[in-house]
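Below: one structure, written as structure tokens.
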Amino acid sequence: MSASALHPTILHHVVNTLGWPGLRPLQEAAVLPILRGDDALLLAPTAGGKTEAASFPILTRAANEGWSGLSVLYVCPLRALLNNLEPRLNTHAEWLGRRAQLWHGDTTQGKRKAVLANPPDVLLTTPESLEAMLVSTKVNPREHFANVRAIVVDEVHAFAGDDRGWHLLAVLERVERVIG
């Protein structure tokens with residue numbers, strides 16, 4: 001069973017905190033490819049468990065491999081969706097002594113300064129805010145993104161077929177070049 005490859009703390013919380021009898025089939029199928037570091041496209045209906053399918057194995061890798069600093073970018077097309085996801089992802093990250101935080105157009109300067117001073121392990125952002133960080137004089141992209149090991153693009157269909165998709169590809173290429 002591939003779920004058994006998840007970090008024991010995550011498995012404990014799946015059963016004891018979330019009260020789940022186990023993972024959904026998509027979540028189960030995603031564990032081993034993501035743990036191997038493979039690219040993955042996860043398809044499921046709304047509320048089908050995609051967030052946990054991606055985050056549980058990525059957080060497992062972060063813990064098992066000793067990732068430090070800002071190591072996961074979670075890119076989403078809508079600020080409202082990021083606002084909704086942040087408490088859940090932060091809870092999952094906290095199970096392993098890690099943090100998730102927001103950075104998008106509504107994030108205050110004070111919160112942005114706090115993120116720069118003490119980067120979270122998981123940064124939830126939009127492509128536009130990610131691009132703004134790459135060109136900002138207040139952010140040193142080589143330092144800020146130096147430890148990124150995984151990128152999750154949520155709601156990828158929202159980017160397909162229009163200019164936002166091309167923009168996202170260009171921004172991710174820039175991130176890849178910055179971090180090598």
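The values are calculated or read from the model by the stated rules, or taken from the named source; none is laboratory data. Everything numeric in this text was worked out from a predicted model, so none of it was measured. Because the Cβ atoms are built from the backbone with ideal geometry, glycine has one as well, and the counts that use them run over all protein chains shown. We work out accessible area using only protein heavy atoms, side chains counted, and drop any ligands, DNA or RNA first. Shrake-Rupley method; radii C 1.70, N 1.55, O 1.52, S 1.80 Å.
Between LEU169 and ARG88, what FRET efficiency comes out of the Förster formula 1/(1 + (r/R0)^6) with R0 = 35 Å and r the beta carbon distance, rounded to 0.05? Show your work: numbers first, answer last.
Numbers: r = 27 Å, r/R0 = 0.77.
Calculated transfer efficiency: 0.80.
Hey, what's the chain come to in accessible area per residue, 1.4 Å probe, Å²? Walk me through the intermediate numbers first.
On the way: 9310 Å² over 180 residues.
On a per-residue basis, 52 Å².
In the full protein assembly as shown, how much of VAL156 is accessible to a 1.4 Å probe, in Å² to the nearest 10?
70
What are the ³J(HN,Hα) couplings of segment 175-180, residue after residue, when phi is run through the Karplus curve with 6.51, -1.76, 1.60 and θ = phi - 60°? Round to Hz, x for glycine and proline.
4, 4, 5, 5, 8, x
With a point put 7 Å past each Cα toward its Cβ, work out how far ALA40 is from GLU143 in nm, to one decimal.
Here the modelled spin labels are 3.4 nm apart.
Given the Cα atoms of the chain, and with Rh set as the inverse mean 1/r over their pairs in the Kirkwood sense, what is Rg to Rh to two decimals?
Details: Rg = 15.8 Å, Rh = 16.7 Å.
Ratio of gyration radius to Kirkwood radius: 0.95.
Measuring from label point to label point, each 7 Å out along Cα→Cβ, what is the LYS113 to GLU176 span in nm?
Using points 7 Å along Cα→Cβ, the separation is 3.6 nm.
Under 8 Å for C-alpha pairs, at least 6 residues apart: give me the relative contact order for the chain, rounded to a whole percent.
Numbers: 232 pairs, mean separation 38.8, N = 180.
Reported relative contact order: 22 percent.
If the elastic network links every pair of Cα atoms under 10 Å, which of THR51, THR137, THR126 fluctuates the most in the Gaussian network model of the chain?
Largest GNM mean-square fluctuation: THR137.
Taking amide H positions as placed in the peptide plane 1.01 Å from N, state which residues far from VAL152 in sequence (5 or more) or on other chains have amide H under 5 Å from it.
LEU73, TYR74, VAL75
Give the peptides 166-177, 3-14 in descending order of average Cβ contacts within 10 Å, highest first.
Taking the mean over residues of other Cβ atoms within 10 Å, the ranking is 3-14, 166-177.
Could you work out the relative contact order of segment 19-78, using alpha carbon pairs under 8 angstrom and six or more residues apart, expressed as a whole percent? Please report the intermediate quantities before stating the final value.
Values: 41 pairs, mean separation 18.6, N = 60.
Contact order relative to length: 31 percent.
May I ask for the net charge around ARG149, where only other residues with Cβ less than 15 Å from the Cβ of ARG149 are counted and Lys, Arg are +1 while Asp, Glu are -1? Spell out each step's value before the answer.
Details: positive: ARG36, ARG61, ARG98; negative: ASP38, ASP39, GLU65, ASP121, GLU176.
Taking every other residue near ARG149 into account, the sum is -2.
Quick check: Cα centre of segment 1-80 to Cα centre of segment 121-141, how many Å?
24
In square nanometres, what is one fourth of the surface area of the convex hull spanned by the alpha carbons of segment 1-100?
On the way: hull surface 25.2 nm².
Over all viewing directions, segment 1-100 projects a mean Cα-hull area of 6.3 nm².
Cross-link candidates for LYS138: which lysines have Cα within less than 28 Å, leaving aside residues fewer than 8 places away along the same chain?
In chain and number order, the partners are LYS111, LYS113.
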